[in-house]
Amino acid sequence: MLHIKNKEPLVSVIIPTYNRAHLIGETLDSVLVQTYQNWECIIVDDGSSDNTDEIVEAYVKKDSRFQYHHRPSDRPKGANACRNYGFELSRGEYVNWFDDDDLMLEEFIKSKIKSFFGECKLIISGGYLFSNTFTEKKEMILEIKDNIFKDYVLWNFQIITNSVMFKKIWLTDKNLFKIGISRGQETEFFSRLFFKLPESDYVVIKKPLFLYRQHSDTKTFMNKSFRKDYIESKMIICIENLKRGIFLRDQEIIDYYYKNLIAMFFQVLKHHEIVLSYRIIKNIFLVAESYKILDAIKICFLLVIALKYKKSRSPIKALLIKQSLKVDL
C-alpha cells in the first residue's frame, strides 16, 4: 500500500548491487520504513551470481515503488555504470544514491527533503559507522573549517555516497560517476562537484541519518591489501586533486596529495609494479610541466633513480617525503 501526499516531490533512491543477497534485504527494509512516502527505489544489478534476483523480486511484488533492473550488456561492469544507468531511469525531482549494504534511518529522506530551499542544489548528511553486530557505532565527522572542497579532499569532512541528496536538474548537464574507477568512486565524483561550489548551493545536516556498515566484504577492508586497480584509481584522484590544489594555490592541499603520490609510488615499487610506478612519475612530471613547478622536476629525477634501482626502501624515500611542491603563492 502506498500512502503518498500528492504535493510531495518524488525522490529517486538508486542502489547498485552485486552479490549482496545476504544484506540487501536489510537495506530495502530501511527504505520501506521511511517516514517520507513519495519515493521510488531503483535497484540495478551488476550481474549477481547469488540469489539477489529472488530477494529483490520479493520486494518488487510487495511494493511497486521498488524497481529491479539489470545493467545492460553494452555497459561496462561496475557500480559506477549501474549508478549512472539508475540515474537515467529515475523520474524523481531529487536523487540519492545509496549502497546495498547500508541502512537508512527512518527520517533519512524526510530530513533531507525539508532542508531544500531557495537555490540549494544538494543536501549533505552524516551517518554512523557500524559493524555487523550493531554492538558499537561511531559518528562520521562533518567539519568544514575552510570550504567544502578543501575539507572534503583533506578528509576533514567525512561523507560517502549515501550522504548526498541532489536536485536532479542540477546534475543533468554534468558527468556523473567516472567509469573505470574501481575505488574511491564517490571521492572522484564529489571532488569534482565540490570544486568552486558556492556555499549557497548546499546545506549540511549535522544529524546522522544512515548507518554505514563496516565488514570484511567492503572496499574499505579490501583496500588494506595491495590491489593494483585500487591504486590506479587512487592515482587518478590524487593527480586531479593535486591540479586543483595548484590552481587554488593552496599549499596544504598540494602537500597532502603530493605526499600521497610519493607514498603510493614506493608502495607500488615494493610490489614490483614497474609500469604503474612509471605512470606515477609521468603524471607528476606532466603536472609540474603544466604549472612550471621546478621542484617537481628534481623530484621526478629522484623517483627515476629509485625506479632504476628498484629501491622501495631508501634514503630517497625519506628525502622525497620531506620535500614539497612549492607554488608561487
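Filtered by the rule that a residue be touching a helix residue (DSSP H, G or I) at 6+ places or on another chain (Cβ under 8 Å) and over 12 Å from ASP45 (Cβ atoms), segment 63-74 gives ASP63, PHE66.
Identify, please: which residue in segment 218-235 is surrounded by fewer than 13 Cβ atoms within 10 Å (Cβ to Cβ) and charged (D, E, K, R) and is, among those, modelled with the highest pLDDT? In this case the residue turns out to be ASP229. When the residues of segment 161-185 are filtered to those that are part of a helix (DSSP H, G or I) and in contact with a strand residue (DSSP E or B) (Cβ under 8 Å, 6 or more places away or on another chain), which remaining residue is surrounded by the most Cβ atoms within 10 Å (Cβ to Cβ)? For segment 161-185, the residue satisfying everything is SER163. Where strands (runs of 3 or more DSSP E) fall entirely within segment 1-116, those with at least 2 residues that are over 27 Å from PHE130 (Cβ atoms), free of Cβ contacts under 8 Å to residues at least 40 places away in the same chain and assigned by TED's automatic domain parsing to the domain that holds GLU188 are at 66-70. Once segment 234-264 is narrowed to residues that are without any contact (Cβ under 8 Å) to a residue 40 or more places away in the chain and farther than 19 Å from LYS292 by Cβ, the residue that is farthest from the chain's Cα centre (by Cα) is MET264.
From the set of residues in segment 103-127 that are charged (D, E, K, R) and at pLDDT 95 or above, which is nearest to ASP201 (Cα to Cα)?
Filtering segment 103-127 for residues charged (D, E, K, R) gives 106-107, 110, 112, 114, 119, 121.
So of that shortlist, the ones also at pLDDT 95 or above come out as 106-107, 110, 112, 114, 121.
Details: GLU106: 25, GLU107: 22, LYS110: 19, LYS112: 14, LYS114: 15, LYS121: 5 Å.
Among them, the one singled out is LYS121.
The values are calculated or read from the model by the stated rules, or taken from the named source; none is laboratory data. Note that the structure is predicted; figures quoted are calculated from it, not measured. Every residue, glycine among them, receives a Cβ derived from its backbone with ideal geometry; neighbour counts consider all protein chains shown.
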